[in-house]
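Working notes, beginning with the structure itself.
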Amino acid sequence: MLIFHNPDRLWYHMTLSQWFRSSRAMDKYSYIFDEEIRKGKVNVLISSNKNKRYISSIFFKFSRFIRFFLWAKINKLSIKSFNIFFDASSFEKDDVIFSFFHDNFARLPVCCDEEAYISDLKNTEASILIHLNHYVYSTIKGSERLKFLKNVFFTAESNLKDHSSFFKKFFKWYTKNFYVLPFCSQKRFVEKKELREKKAIATGAITYEINEPHFTDFFKTNILQPERLNILDKKDSLKNVEVIINKYPKSYRDVNFFSFVLDKYIKSFKKYFITFFKTKTTEYYSLDIVSLYNSFEFFLCPGELGDLPGIGISEGMSSGAILISKRYDYFDDYELIPNNNYLEYDGSIENLEKVIDNFKDDQEKINALRERSLKTAKKSFSQNSCLKVFNEILIDIKSER
């Protein structure tokens, strides 16, 4: 049995917070969740505060259920589609709980007492598969919480155990296999054979600064995507690259109480909530990114510190644009071979321009490389491929126990 841990938080569908703030859903992994819905009832574990007093415990479970019910409603999901569990005690050895590091362990749900939350997962017989998305945030706290759980297994978009010195430092207690789950490009990312510019499009966002000592001491910066920042800073000098990289605001939320008070045109509770808690979104998320990738022969999407790729790699390649990138160790996980299914450059702006200049006028070579790139994208990043990999991971961790 597969159990989704707190699916009403990030990564599957629109959260309540995103809905109130009219923000974009971070639904990178909804394809896994939706496939389980397609097959039948979905098992979910929604953690709630546990209290020795019966009435208090019932209240927290009820409030947690209401939150989950509202989440299902805004995403047009029937509550009848779910088997809901409030604790993990009934799960057995062959069961797998699928959870995310960033929103379940790096920081805990506000509804839950930490001791009870961790204790519940510590005592379950089920395996716990943790996806290390955004694992560079609150790394130490998250790692400390996880190392006390039994039967924990890790997955991410690259084999961090092999490729990341940052992971090795802060998760040195982890000795099991590490499972690679590629980014899955949504079905809308397809090659449309449009007339393409002989240039590259640089995509992605520069996310919030990480001013945590474990990160800044290790990387000597508070920027998670310094290569993207370098391209953004030098965009005016690039003749072969169009740049749509944008920066998030420095703080997570841009709250301006005075502008809120002075707003005379609040007409609903939702607008009231949005005005007070509005999160700035970047221009990148409002673009027709599929058309953009189909408008250029090449694209760039530099990875992140911590040795994780950007999702733009899967989306751009699936759209028929040719990746230009410096070589990362995790490219081996996807059989990305320089000058075979992507173009390699040394990371400098000068070499980037040279690589494009040397390649852009040879359409025969471009088309041959694109064909190999699309073949790789289909093999590694398609929904069918990613679901197959995910199911193989579930089988493997059961056998590893």
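Can you tell me which residue within segment 180-201, out of those that are in contact with a Phe, Trp or Tyr (Cβ under 7 Å, 6 or more places away or on another chain) and part of a strand (DSSP E or B), is surrounded by the fewest Cβ atoms within 10 Å (Cβ to Cβ)? Within segment 180-201, the match that is surrounded by the fewest Cβ atoms within 10 Å (Cβ to Cβ) is Glu197. Any residue in segment 379-386 that is on the phi > 0 side of the Ramachandran plot, touching a residue at least 60 places away in the same chain (Cβ under 8 Å) and not in a helix (DSSP H, G or I)? Within segment 379-386, none of the residues are on the phi > 0 side of the Ramachandran plot, touching a residue at least 60 places away in the same chain (Cβ under 8 Å) and not in a helix (DSSP H, G or I).
Yes/no matrix, rows are residues, columns are (1) assigned to a helix (DSSP H, G or I); (2) in contact with a Pro (Cβ under 7 Å, 6 or more places away or on another chain); (3) within 30 Å of Pro309 (Cα to Cα); (4) among the hydrophobic types (A, V, I, L, M, F, W, C):
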| position | (1), (2), (3), (4) |
| --- | --- |
| Ile3 | no, no, yes, yes |
| Glu35 | yes, no, yes, no |
| Val44 | no, yes, yes, yes |
| Phe62 | yes, no, no, yes |
| Phe69 | yes, no, no, yes |
| Ser90 | no, no, no, no |
| Val110 | no, no, yes, yes |
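Once segment 18-47 is narrowed to residues that are among the small types (Gly, Ala, Ser) and open to solvent by less than 40 Å² (accessible area, probe 1.4 Å), the residue that is farthest from Pro182 (Cα to Cα) is Ser47.
Selection over segment 355-378 of residues that are part of a helix (DSSP H, G or I) and either β-branched (Val, Ile, Thr) or surrounded by fewer than 17 Cβ atoms within 10 Å (Cβ to Cβ) (or both) gives a count of 15.
Please indicate, with yes or no, whether at least one residue in segment 106-121 is open to solvent by less than 20 Å² (accessible area, probe 1.4 Å), in contact with a helix residue (DSSP H, G or I) (Cβ under 7 Å, 6 or more places away or on another chain) and not aliphatic (A, V, I, L, M). No, segment 106-121 contains no residue that is open to solvent by less than 20 Å² (accessible area, probe 1.4 Å), in contact with a helix residue (DSSP H, G or I) (Cβ under 7 Å, 6 or more places away or on another chain) and not aliphatic (A, V, I, L, M).
Taking Ser138, is it open to solvent by 20 Å² or more (accessible area, probe 1.4 Å), closer than 30 Å to Ile210 by Cβ and either among the acidic types (Asp, Glu) or under 25 Å from the mean Cα position of the chain (by Cα) (or both)? When the stated conditions are applied, Ser138 passes them.
Among the numbered conditions (1) without any contact (Cβ under 8 Å) to a residue 24 or more places away in the chain; (2) among the small types (Gly, Ala, Ser); (3) not in a helix (DSSP H, G or I), tell me where Gly347 comes up short. Gly347 satisfies every listed condition except (1).
Of the residues making up segment 194-227, those that are of a type in the set (A, V, I, L, M, F, W, C) and closer than 30 Å to Lys354 by Cβ are Leu195, Ala200, Ile201, Ala202, Ala205, Ile206, Phe219, Ile223, Leu224.
Within segment 80-105, the set of residues being open to solvent by less than 40 Å² (accessible area, probe 1.4 Å), polar (S, T, N, Q) and farther than 21 Å from Arg38 by Cβ comprises Ser99, Asn104. Does Ile97 satisfy being in a helix (DSSP H, G or I), within 25 Å of Tyr179 (Cβ to Cβ) and β-branched (Val, Ile, Thr)? No, not satisfied. Is segment 135-149 home to any residue that is more than 21 Å from Ser380 (Cβ to Cβ), at pLDDT 95 or above and assigned to a strand (DSSP E or B)? No, segment 135-149 contains no residue that is more than 21 Å from Ser380 (Cβ to Cβ), at pLDDT 95 or above and assigned to a strand (DSSP E or B).
The residues on offer are Lys150, Lys168, and the sole one that is closer than 18 Å to Gly303 by Cβ, surrounded by fewer than 20 Cβ atoms within 10 Å (Cβ to Cβ) and in contact with a Lys or Arg (Cβ under 9 Å, 6 or more places away or on another chain) is Lys168. Based on what the data block shows, is Tyr345 out of contact with any strand residue (DSSP E or B) (no Cβ under 9 Å at 6 or more places or on another chain), among the hydroxyl-bearing types (Ser, Thr, Tyr) and surrounded by fewer than 21 Cβ atoms within 10 Å (Cβ to Cβ)? Taking the combined requirement at face value, the residue does not satisfy it.
The values are calculated or read from the model by the stated rules, or taken from the named source; none is laboratory data. None of these values were measured; they are calculated from a predicted model. Ideal geometry is used to build each Cβ from the backbone, glycine not excepted, and the neighbour counts take in all protein chains shown. When the accessible area is computed, the model is the full protein with side chains, heavy atoms only, and any ligands, DNA or RNA have been set aside. Shrake-Rupley method; radii C 1.70, N 1.55, O 1.52, S 1.80 Å.
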